[in-house]
Amino acid sequence: MKKFYITTPIYYVNARPHIGHAYTTIACDTMARRQRMLGADTFFLTGTDEYGVHVERAAIAAGRPPEQWTDEVSAAFRQLWDRLGITYDDFIRTTSERHKRGVQALWSKIRDNGFIYKGHYSGHYCIYDELYVDSAGPGAPCPECGRPTETVQEENYFFRLSAFQEKLLRLYSEQPDFIRPETRRNEVVSFVRSGLRDLSISRSSFKWGVPVPGDPGHVVYVWLDALSNYVTALGYGSEDPSRFEKYWPADLHMIGKEIVRFHCVYWPAFLMAAGLPLPKSILAHGWLLFEENKMSKSRGNIVRAETILEVLGGDALRYFLLREIVFGQDGSFSFDALVQRYNADLANGIGNLASRTLTMITRYFHGEVPYPSPAAAHQTADDAIRKSANQAIAEYQSLFDQYQFSRALELAWSLVASVDKYIVENEPWVLGEEANEQSRARLATVLYTSAEALRIVTALVHPVIPQATRRIWTQFGLGNIGTFDLSSLKWGQLQLGTKLGKVEPVFPRADKSAVERMQTMEEEAPRAATAAEAPSQAKPSAGSHRTPAVPSPPSAVANHKISIDDFTKVEMRVGEVKVAERVQGADKLLRLEVDLGGEVRQVVAGIAEAYAPETLIGRKVVIVANLAPRKLRGLESNGMIVAASAEGGRPVLASFLEDVPLGARLK
Ligand code: MSP
C-alpha cells in the first residue's frame, strides 16, 4: 500500500490564526483527503511552533505566562482546524515532552556525527524571522521583514552548514522535484552557490526553548527545534519509532514562500548531518494578500476564518482559496470576490445542479435513479457529456498531481456548466409533462446523464468541498463519500434504481448583505495587542483603529518586562479632534480628523457607540502616530486613538487635566 506523509508548517503562536494560515492547512487537507480516497496510507501532520523570544514577548504583551499563552493560542489553531473539518492525523506542539525528547535526540545525533561545535557569535538577529543577519550594522533592518535587528553577542553552538554546500547542490540537481515551483528552486540554488556559513544553533540570552543536551544554559535555535517537528511527531527519538519507520521520509512539506530557505537548505543539511533520509518534496506557495499586502498580524490586515465560516461556511473558504489563487503565486482576498465566487460557482453552480437534478429524479421517478435508454434520440449530446466527464477524471488527476488546484477546479466546473447547458437544451421539465413512452425514455436518459456527471464532479471535488459533497452523496443514496475509492471512478457506476435520500439545497444563495456582515464582524472582532506588533510599529507596517485590549494585572507577568527601547518604539502624541463623523453602514466607526500640531491625520476609530461625534470636536486625544495606514470601509486610517477599555469593552478616551500642546509626545 502506498503511503503519503504530508505536513503543514507549524504555526507560530505569537498571533491567532487567520486565513493565511488556513490557506496552507486547507491545501494540505485537500491533498490528504484525496490521497486517502485514492487508497494511500496517509498521515497528515500540523501543529504549533511555540518557543522563541518573539513568542515569549507576545505572551508578555498579552499579560500571560508563556505556558498559558501558548496553551491558549495553540488551542485556538486546533479549534479552527476542527471547525474547518481539517483531517489532521496528529497535532504537534513544540512545547510537548515528546517533541523536546526528539529534538534533543536529533541534536545529539548531529553532535555525535561531528557537525556541532562551540564558538562565539557576534552579530545581528531578527527575532521575528528568527534569522541571523550577516553584515548588518547595529539596528539594521532585517532583510526579510525590515524590522530592526538586535545585536547579539553570545557563546553559541554552531552547526557545520558549510560542510553541506556541495551535497545540497547535488541534491537539487539530482532531484529537480525536491523544491517546487522552479522559481523557488532557482533562488535556493543561487543562495547555496553563493556560499554557506556555519549556523549558530543555540541561544543563551533567553530560556523559552528546548534545553541543549548537556548544556542547559543554552536553548536550541528555534528553527532547528521547529523543523524537527516533522520527525519528532512520528516518534523519532522515542521508545516507539514505528510511525517514524513507516512514514518517514515525508512525501510533501507544504510551506509559504518566505520559509523556503529554512526548509530547503537548513532542514536537508540537518538531516544529512544526522544520517536521516530527506523529504521527497518541498512545495512553496505564494502569499495571500489583503488590501495589497501580505496578510499578517504585524500588518494588522488579517481576516479571520471564523467570520467566513459563520456567514458562508467552511466549504466556501476552501473553494475560494483553491479556485481563486493560482497555487505558487500570490493572490488577493476580498469579501466581494468571495461572495461572488460563492454565488456563481457554489450556489448557482454545483448547488443548483444538484438540487435541480435530484429534485427532478424525485418528482418524475419516485426518487429512484432511472436508466438511460439507448434507443432515445440525441445521443450525440449524451455522449458529449459522458466524454467530457471521463476526460475530466483523467485531467483532474494530472492537474492535482501538479498542484494546479485552480485549473483542476476550473475543469470540474466546466463540466458543471456543460451539464447545466445540456439540461436547459433538453428541457426535462417539458419531457416530464409529456405522457408518452418516448418522452419518458428520453427523460430517463437526460436525468441519468445529468446525475452521473454530477456524481463524478461530486467525487472529484470532495477533497476541496467536503461538507457539501458529503451531503450531495447522501442525497444520492450512496453512503459515505469518504470511503469511496476515487481510483475506480468512471462513467456508468451510478446504478439503476439507486434510491435517493432527502433532497435539500447545499449552498443557499448569499445576499448582498453577506459582504457587509463579514466586514462588520471583522471590524468588531476583539484583537488583543501582542508584543509581536509593538516593534513592527517602528517601521510603518502595522495599523489598527481598535482601542487597546484590557491589560491584565501586571502581577501575572512579574518576571517579564519590556525594555525602554521597546516602549519608545511606540510613538504616542497629543492631537485635537477637528472633524468627527459617523461612517456610513458601520455602527461602531467614527471618522476623525485629528490635528497633531502641523499635521492633520484621518483616523478611523471604533468608538461610535461610546461617543457622539459632535462631543469630540475640539477634544484633545492621544494618538499612536507611527502605525502604518490601514483601510477601513474604504477609508484610510492613519493612527490609533488611545482609550482604556472599561466594563463590557466600552472605550474611554485618554485625556489630560492640564493643557498640553498639540503634537507633544507621551514618554
Ligand atoms: N513557525 C514557522 C514555521 C516553522 S515550520 C517548521 C512560521 N510560522 S508562521 O506562523 O509564521 O506561519 C508561516 C506559514 O503560515 C507560512 O509559511 C504559510 O504557510 C502560512 N501563512 C501565514 N500567512 C500567510 C499569508 N498571508 N499567505 C499565505 N500563507 C500564509 O513561519
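The values are calculated or read from the model by the stated rules, or taken from the named source; none is laboratory data. This structure is a prediction, so every number in the text was calculated from the model and none was measured. Note: ideal-geometry Cβ built from the backbone for every residue, glycine included; neighbour counts use all protein chains shown. Accessible surface areas use protein heavy atoms only, side chains included; no ligands, DNA or RNA. Shrake-Rupley method; radii C 1.70, N 1.55, O 1.52, S 1.80 Å.
A few notes on this one:
- Picking from residues in the range 262-275 that are open to solvent by 10 Å² or more (accessible area, probe 1.4 Å) and touching a strand residue (DSSP E or B) at 6+ places or on another chain (Cβ under 9 Å), the one that is nearest to the ligand (Cβ to nearest atom) is 262.
Residues are listed down the side, and each one gets a yes or a no for (1) among the hydrophobic types (A, V, I, L, M, F, W, C); (2) within 30 Å of residue 634 (Cβ to Cβ); (3) modelled with pLDDT under 95:
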{"residue": "347", "(1), (2), (3)": "yes, yes, no"}
{"residue": "373", "(1), (2), (3)": "no, no, yes"}
{"residue": "387", "(1), (2), (3)": "no, no, no"}
{"residue": "396", "(1), (2), (3)": "no, no, no"}
{"residue": "404", "(1), (2), (3)": "no, no, no"}
{"residue": "420", "(1), (2), (3)": "no, no, no"}
{"residue": "440", "(1), (2), (3)": "no, no, yes"}
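- Taken over the range 486-503, the criterion of being more than 19 Å from residue 370 (Cβ to Cβ) and surrounded by 13 or more Cβ atoms within 10 Å (Cβ to Cβ) is satisfied by 486, 489.
- In the set (1) of a type in the set (Ser, Thr, Tyr); (2) more than 22 Å from residue 129 (Cα to Cα); (3) open to solvent by 10 Å² or more (accessible area, probe 1.4 Å), residue 5 fails one condition alone, (3).
- In the range 573-602, the qualifying residues are those that are among the aliphatic types (A, V, I, L, M) and surrounded by fewer than 18 Cβ atoms within 10 Å (Cβ to Cβ), and the one that is nearest to residue 522 (Cα to Cα) is 579.
- For residue 228, the criteria (1) among the polar types (S, T, N, Q); (2) more than 13 Å from the ligand (Cβ to nearest atom); (3) in contact with a helix residue (DSSP H, G or I) (Cβ under 6 Å, 6 or more places away or on another chain) hold in every case but one, which is (2).
- Unmet criterion (only one of (1) open to solvent by 10 Å² or more (accessible area, probe 1.4 Å); (2) assigned to a loop (DSSP other than H, G, I, E, B)) for residue 234: (1)
- Looking only at residues in the range 400-420 that are among the charged types (D, E, K, R) and surrounded by 13 or more Cβ atoms within 10 Å (Cβ to Cβ), the one that is nearest to residue 254 (Cα to Cα) is 407.
- Long-range neighbours under 6 Å by Cβ, at least six apart or interchain, first residue within 12 Å of residue 200 (Cβ to Cβ) within the range 150-170, second among the polar types (S, T, N, Q) and outside any helix (DSSP H, G or I): 153/122; 154/204; 156/200; 156/202; 157/202; 158/200
- Of all the criteria given as (1) away from the ligand (no atom under 11 Å from the Cβ); (2) farther than 23 Å from residue 103 by Cβ, the one not satisfied by residue 74 is (2).
- Boolean, residue 397 is open to solvent by 10 Å² or more (accessible area, probe 1.4 Å), without any contact (Cβ under 8 Å) to a residue 60 or more places away in the chain and more than 23 Å from residue 498 (Cβ to Cβ): yes
- Breaking point among (1) surrounded by 22 or more Cβ atoms within 10 Å (Cβ to Cβ); (2) touching a Pro at 6+ places or on another chain (Cβ under 7 Å), for residue 76: (1)
- Output for the range 623-667, where each listed residue is surrounded by 16 or more Cβ atoms within 10 Å (Cβ to Cβ) and among the β-branched types (Val, Ile, Thr): 623, 624, 641, 642
- Some residue of the range 340-347 being charged (D, E, K, R), away from the ligand (no atom under 14 Å from the Cβ) and open to solvent by 40 Å² or more (accessible area, probe 1.4 Å): yes
- Selection count where residues are within 11 Å of the ligand (Cβ to nearest atom) and in a loop (DSSP other than H, G, I, E, B), scope the range 1-34: 9
- Number of the exception - residue 52 against (1) open to solvent by less than 10 Å² (accessible area, probe 1.4 Å); (2) at pLDDT 95 or above: (2)
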